[in-house]
Every structure is written in C-alpha cells, then in structure tokens.
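Everything below concerns the one structure shown next.
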Amino acid sequence: MDTDAAVAAGWRKARADGRVRDELLDLAYAEPRLRRRYPWIGMGELHFSRTTEYPWTWDARFVLSEYGGTYFVLGPTRQDVVGRVETAREAIDLVLASLPQE
C-alpha cells in the first residue's frame, strides 16, 4: 500500500475507533499539515505520525478528548503537558503551533 492510501486508511480507522470526538477528527483532517500525517489513537489520544507503520513517530503534540467536553493537549511525549482547552479548535491550533516542518 502506498503512503497516501495508508494515511487515508488511518483516517478511516481513527474515525471508526470511536474514542476521539468527530469534531476533533474533522478539524484535524481539515488542516493539510495534519491530514498528510498518519493518525493513530492510543489511550484515547489522537496522535499524528510521519510514518504509516509501527513504530509511529512521537514528534508532534497530541490531543486527549476528556469527559465533560474539554481537551487535554500533550506532547510530543506524555510527560510534556501543554494544557487543557475548551474547544477542539484550540486543541488543533496548539498542535499546529509546534508541528515540525516536513
């Protein structure tokens, strides 16, 4: 499978997973820089990898959809806490603010 097809399959898999809110997935997918990355979900967190196979890259911030409607942004590791935000748009903006250039 080529990279584009693998990334597209990753987005379908992320949407079908059900642990990440559709609103967050929609906003992430609408951003070309994130749409080109392979989305993977671990522990309910939405990650964005430069590779389409395990082990995925950990060079971008990621987002946890919290109960109650807020979002928790971390990364690039789970020890790097960015903070809690109220909206999916704010979460995606925080991811984009430090996304490494490709």
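Read-outs throughout are calculated quantities, based only on the coordinates presented, and are distinct from any laboratory measurement. Since this is a predicted model, take the numbers as computed values, not measurements. Using ideal geometry, Cβ is built from the backbone for each residue, glycine included, and neighbour counts are taken over all protein chains shown.
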Could you go through the range 86-95 in sequence order and give the Karplus-derived ³J(HN,Hα) for each residue, using 6.51 cos²θ - 1.76 cosθ + 1.60 with θ = phi - 60°, rounded to whole Hz, and x for Gly and Pro?
-> 7, 10, 5, 4, 4, 5, 5, 4, 5, 5
Using 0.36 nm per residue, how much length does the chain from residue 30 to residue 77 gain when fully extended, once their Cα-Cα distance is taken away?
-> 14.5 nm
What number, rounded to the nearest 500 deg cm²/dmol, is the helix-based mean residue ellipticity at 222 nm of the chain, given -39500 (n - 2.57) per DSSP H run of at least four residues and division by all its residues?
-> -10500 deg cm²/dmol
Return the long-range amide H neighbours of residue 62 (sequence gap of 5 or more, or a different chain), with a cut-off of under 5 Å between placed amide H atoms.
-> 74, 75
Whole-Å distance linking the alpha carbon centroid of the range 11-36 with that of the range 78-102 is 14 Å
Ranked packing of 31-39, 8-16, most packed first, by mean Cβ within 10 Å = 31-39, 8-16
